[in-house]
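Colleague: Just passing along the structure, written as structure tokens.
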Amino acid sequence: MRVHYMHTENHEAHVEFARAIGIPTQANGNSFLEDMRGLLIYHPEVTAPSGEQGVYTFEFQQFDDYTYDIIQQTFDLLGATLPFLRNNLAYLPLHRRAVARYNVERALYDASRIPVLLEGDLYEGIDYIPLNLTEGYGRLRLMEIGERPDPRDIVVFETIPNDLPRVGGIITTVVQTPLSHVNLRALQNNVPNAFIRDALDIEAVNDLLDHIVYYRVDADTFALRLATPDEVDAHYEALRPDEDQFPPRDLSVQQITPLDDITFDQSIAYGAKTSNLATMRSFAFPDYLIPDGFGIPFYFYDEFMAFNGFYERVETMLAAPDFQADFSIQEQMLEELRDDIEDADLPQWMFEAITLAQESFPEGTNIRCRSSTNNEDLPGFSGAGLYDSKTHNTDEGHLGKTIKEVFASLWNFRAFTEREFYRIDHLQAAMGVLMHANFKEERANGVGITADPIYGSGGNYYLNTQVGEDLVTNPDNFSIPEEILLAIEGSGPTAYEIIRRSNLVPNNDQVMPLAYLDELRGYMRTIHEEFALLFDAVDEESFSMDIEYKIDSTDRLAIKQARPWIGFLDQQTSTEQIAPSQLQLSIYPNPMVQDAVISFELPQNVEVESWLFDLTGRPVKRIQHGNLPAGMQQIRLTVGDLPPAAYVLRLRLEHGSGKIDFTTVRVVVQ
């Protein structure tokens, strides 16, 4: 066993450090001990096996579940290599796989000399755990079992609830862990969350129950004080854009159209998803590469809604005081609206037009119906993942059934609240549908970026691929995809590097063999060059394309989607993209397992917003939003709830003059 000490100012990422000192970055089919990676962490507040204060724990990556024999070898080697660890070292099984393995083999550990600590042991004797460091406003409310909080409640729980809707802040008197579902909800909604032992015995908490309060969670303590209704309103209003947004929709196109007849500039009639896919069919690619099909324009959705009186219903719903004031009523009314949209009749002419489109597919074809709206891939708002795509199977009858399900997804609760937050006009939102033969039994699927936004290497494309139908864009909890840097130029075995292998492929095999890599390289180059012309971005260094691809059941590559990478979309509304070094921006540690600290320096008082995005541009987590003063700033980033993967951190600064700067930096979760 060799232990390396990495100077994080010289080497920001483990992969870069490994390259610099000559450690292979690829798994090579070695034994567990030769290929395993782990962390040593010091916990000064925990009692060591020797009885002294402070203990070192060793742990592994999120999805590792090494057997007792391997843990024993690791324990012995660490003690022999680092003598200061003797009598001061414990194994910490983290996450479900490792804990499950430990429970199965617990008798072996009990009979051994290997101390084991579980996550709960780390919190014994601790009275305060800050889980999401931010601030919020609302009514401080002690929650009884079964009560439903309002979105602007600061809730106090004496037991961990089974479910938790959106709230303004969270206090629990029982220990939470960073991976608890309560904290995941807090992270998702960027609200303050902390464990405070015996919180109700603290005068500052008990005396403010049922009052409007300001609540802030800091690293060492929390703040709670009275607030005014005006402060609360201003807080929530400041998080939203200043002006209403009205996404364009062209209702002059009134026919279901073959993809080969749809042009790039018709995204305002069909949605960008449809127009971009249609455009790729003009790139002289092999016939099998880009699926053939049809686009249903926004006109169909608009006519369907008008025909059934749904626009009037929506206007009444939006204006209803109960709908505006009550979270649960809002969710219930949206669900009822979706149900009624799915049950409503199509106009006869629309029924007949969809029939003709359905009959145009070969007999026995399952048809994929994909949402394609006018409020996705907008500058500053990707809208990714908000709407539903459905597969119409041959035994489901008329295709209109599935088209209406896609229409209805425009009104799912998450999409509604995101549009509401970004002030996107609900009645101007429109749904188109992209139809093509459904992919089935894929051998692999992945996402490729025509740049390397993750590791920052020059001259490479970044690929993230997983075997089978385990979607990279919506991975299973235990899925670790393959990461490859694919050289833009060249070919063959020297023109790519495997950064990480998939955990679903045996014997360290590649998900993307060499022949597919060479083929995909050419397609990605063409897609980048052609869309750079269409977006007038030939000279834009920030421009790259986000491409979703598959290897289908016939072992052929297929490309199902392409759109601009999020950095370029952000630039469309930003005055300037700046380098991270201009803000002295750093993240430590990076790669990370549980927590990291984002540090940066602000030249003046500005509005700061920071997000994590996945590689499809889908927002994963809002980290910070609010006004920060000039000077050095530190924000805690908690990633224990995220699957191991590469992400992009976007930091956006809005100055008082209206000028907007933004920068992006790669983040790797192990």
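The values are calculated or read from the model by the stated rules, or taken from the named source; none is laboratory data. All of these numbers come straight from a predicted model, not from anything done at the bench. Virtual Cβ from ideal backbone geometry, glycine too; neighbours counted across all protein chains shown.
Colleague: Need at least 2 residues that are in contact with a helix residue (DSSP H, G or I) (Cβ under 8 Å, 6 or more places away or on another chain) and modelled with pLDDT of 90 or more per element, so show me which helices (runs of 4 or more DSSP H) inside region 60-173 make the cut, counting only ones lying wholly within it.
Modeller: Helices (runs of 4 or more DSSP H) meeting the threshold: 68-81, 106-110.
Colleague: Return the residues of region 337-382 that are among the charged types (D, E, K, R) and modelled with pLDDT of 95 or more; say none if nothing qualifies.
Modeller: Passing the criteria: ARG338, ASP339, ASP340, GLU342, ASP343, ASP345, GLU352, GLU359, ARG368, ARG370.
Colleague: Same structure, new question: Is it true that some residue in region 315-334 is under 23 Å from LEU251 (Cα atoms) and either surrounded by 14 or more Cβ atoms within 10 Å (Cβ to Cβ) or not assigned by TED's automatic domain parsing to the domain that holds ILE559 (or both)?
Modeller: Within region 315-334, one or more residues are under 23 Å from LEU251 (Cα atoms) and either surrounded by 14 or more Cβ atoms within 10 Å (Cβ to Cβ) or not assigned by TED's automatic domain parsing to the domain that holds ILE559 (or both).
Colleague: Just the residues that are touching a residue at least 24 places away in the same chain (Cβ under 8 Å), farther than 23 Å from ARG636 by Cα and touching a Ser or Thr at 6+ places or on another chain (Cβ under 8 Å), please, taken from region 130-152.
Modeller: The answer is ARG148, and nothing else.
Colleague: For region 294-342, what are the residues that are farther than 30 Å from PRO258 by Cβ, assigned to a helix (DSSP H, G or I) and among the charged types (D, E, K, R)?
Modeller: Correct list: GLU312, ARG313, GLU315, ASP322, GLU331, GLU335, GLU336, ASP339, ASP340.
Colleague: Taking region 499-519 as the region of interest, how many residues are in contact with a Leu (Cβ under 7 Å, 6 or more places away or on another chain) and under 26 Å from VAL669 (Cα atoms)?
Modeller: Of the residues in region 499-519, 3 are in contact with a Leu (Cβ under 7 Å, 6 or more places away or on another chain) and under 26 Å from VAL669 (Cα atoms).
Colleague: Does region 420-427 contain any residue that is β-branched (Val, Ile, Thr), at pLDDT below 75, within 23 Å of the chain's Cα centre (by Cα) and crowded, with 16+ Cβ neighbours inside 10 Å?
Modeller: No, the conditions are met nowhere in region 420-427.
Colleague: Here's something else I'd like to know. Can you pull out every residue in region 258-289 that is within 15 Å of HIS528 (Cα to Cα) and charged (D, E, K, R)?
Modeller: Listed by number, the list holds a single entry, ARG281.
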